Amino acid sequence: MKGLARIPREESNVAPDPRAPERTTAQQPTFRDPAGQLHLTQDRVLRQIHPAAVDATLDFLNSPLRASLERSGDLVATEAAKPVAQETSDGGEKRELWLEHPRIDPISYPWEWTTGQWRAAAELTLRIAGQAVDAGWMLKDATPLNILFAGPRPVLVDVLSLERRDPRSAVWLAYGQFVRTFLLPLAAEKLLSWPLRATFFARDGYEPSALYAALRPWQRVRPELLDVVMLATLFEGKSGNAQKGGAAGSHGFDPALAAHILHKRFARLGRQIRRATRQEQRSRWSDYPQSACHYQAADSDEKQRFVQSALELCRPARVLDIGANTGTYSLLAAQAGAQVTALDSDAGALERLWRSAGKEGRTVTTLVANIAAPTPGAGWRNREQLSLLERLTGQFDLVLMLAVIHHLILREQLPLGHIGELCASLTRRWLLLEWVPPADPMYQEWLRGREHLYGAFTEEDLKQAFAAFFEVVDRKALGNGRVLLLLERSGARGPQTGPNPA
């Protein structure tokens with residue numbers, strides 16, 4: 001999960017250990033970190049530490065800081081997976097260390113986060129940086145690519161990002177990286193309406209000069225941007241890079257003063273992050289539960305009861321909620337004990353769900369993405385970061401598609417058979433969907449004169465298109481004409497999945 005800084009001059013040629021379990025994803029082992037490589041397996045993460053970094057890694061693993069960060073949940077759990085030393089054929093000793101981490105699924109990337117998630121990841125990074133300084137360590141990398149979300153909570157997943165620090169130094173080498181990859185994207189979203197999803201094309205973040213050119217003069221002098229955008233751009237090339245985290249001569253301080261300076265820097269960055277973060281976003285769909293006029297209270301109650309009964313029957317450990325909106329049914333599934341992935345293209349709606357899941361302590365992970373145009377793979381050969389479908393395929397016991405299919409038909413112009421095939425690839429067994437008939441007000445709103453193409457679709461058309469993959473198990477017609485269908489994958493019957501013990 002390694003991020004941006006500390007890219008070696010030459011890519012590592014270390015090959016995966018043939019004795020390590022086979023990887024089951026398309027992601028290649030990482031190569032940007034000179035200290036080690038990461039390998040994904042079906043249920044865990046293996047980290048191979050290069051010989052030169054073994055001692056430093058063990059030093060951190062044996063430190064009170066590591067234990068404290070793991071106890072708080074801020075750092076991914078780590079344990080040794082292989083012996084530290086092995087005898088070579090000539091009787092010498094080969095320094096080797098493999099670490100093992102639990103998988104945090106689904107893997108999410110910053111370009112799929114809501115604004116609140118970005119801020120939470122930034123604040124986690126600064127909190128860990130401050131704790132590290134007090135413990136005699138330094139966070140040497142500060143990129144959102146080193147953060148994953150376990151439900152609504154951010155977790156640092158790169159144990160190689162911490163190193164012993166010089167107690168007399170007031171320099172944070174990761175300062176510039178933090179500004180480019182955390183602060184400037186948030187500021188660009190708030191002031192320039194650059195969507196956070198655009199960071200897909202900016203792995204190293206935004207340069208200050210890019211924001212300087214786009215901002216109005218009065219925006220450049222805002223408190224959160226004056227030093228990191230205006231001054232950084234004006235003095236670029238004159239007095240060295242203004243974002244090195246400290247000037248020449250920032251070494252040789254009294255240790256207490258050096259720590260004080262670093263903490264002041266972290267505190268200032270925290271204030272800048274808060275000022276640069278847009279307030280909770282409202283959108284058409286973020287108020288959907290309150291504004292939906294085509295649902296009477298009785299229909300909503302009947303729908304929730306049907307979903308609840310389906311959850312009791314299916315007892316899914318993992319649920320994918322496609323078109324989750326503000327998460328009524330994601331939270332219902334989480335309350336039933338499932339680990340939920342909630343997917344929607346509306347960042348404002350998902351922001352509300354992410355906040356609700358955090359307040360209620362529910363295991364819901366939000367992904368800002370469009371299932372009809374899924375996030376592609378990224379990085380070197382499109383294999384450093386996995387595509388959305390690679391991360392979702394075959395990972396769920398139950399998929400929810402409530403009031404989604406008419407979106408896919410009318411707005412994305414997708415054939416019903418293709419939608420059924422996608423659903424079959426995502427779920428291991430169960431599918432719960434909502435059929436919206438052409439007479440429905442929302443269907444009519446989007447039909448837009450295309451009655452000859454989509455105006456005659458029926459529930460039977462849906463069933464026939466999905467029959468190649470699913471069998472109908474239960475059905476519920478609502479008073480507003482919509483229909484809920486619980487389907488089971490053909491040939492998937494067997495012992496039912498038990499509830500998530502979490």
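What the table shows:
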| quantity | calculated |
| --- | --- |
| Built amide H within the under 5 Å cut-off of T427, gap 5+ | G394 |
| Fewest-first ranking of V319, V76, using other Cβ atoms within 10 Å as the exposure measure | V76, V319 |
| Karplus-derived 3J(HN,Hα), 6.51/-1.76/1.60, for each residue of region 364-369, Hz, glycine and proline x | 10, 9, 9, 10, 7, 6 |
| Positive minus negative residues near Q219 (Lys, Arg vs Asp, Glu; Cβ under 15 Å) | +3 |
| Shape category assigned to region 36-276 from the gyration tensor of Cα positions, a/c cut at 1.5 | prolate |
| Integer Hz, Karplus 6.51/-1.76/1.60 couplings in order for region 126-139, x for Gly and Pro | 5, 5, 5, 4, x, 5, 5, 4, 5, 9, x, 10, 9, 7 |
| Rounded, prolate or oblate (a/c below 1.5 giving rounded, otherwise prolate when a/b exceeds b/c) for region 288-489 by Cα gyration tensor | rounded |
| Packing-based exposure ordering (other Cβ within 10 Å, fewest first) of F470, F182 | F470, F182 |
| Placed amide H near D474: partners under 5 Å, 5+ positions off or other chain | L486 |
| Inter-centroid distance (Cα atoms) of region 347-366 relative to region 457-483, Å | 30 |
| Positive minus negative residues near Q272 (Lys, Arg vs Asp, Glu; Cβ under 10 Å) | +3 |
| Inter-centroid distance (Cα atoms) of region 26-70 relative to region 201-215, Å | 31 |
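Computed from the coordinates by the stated procedures, all read-outs in this text should not be read as laboratory data. Just so it is clear, the model here is predicted, and its values are computed rather than measured. Cβ coordinates were reconstructed from backbone atoms using ideal geometry, including for glycine residues, and neighbour counts include every protein chain displayed.
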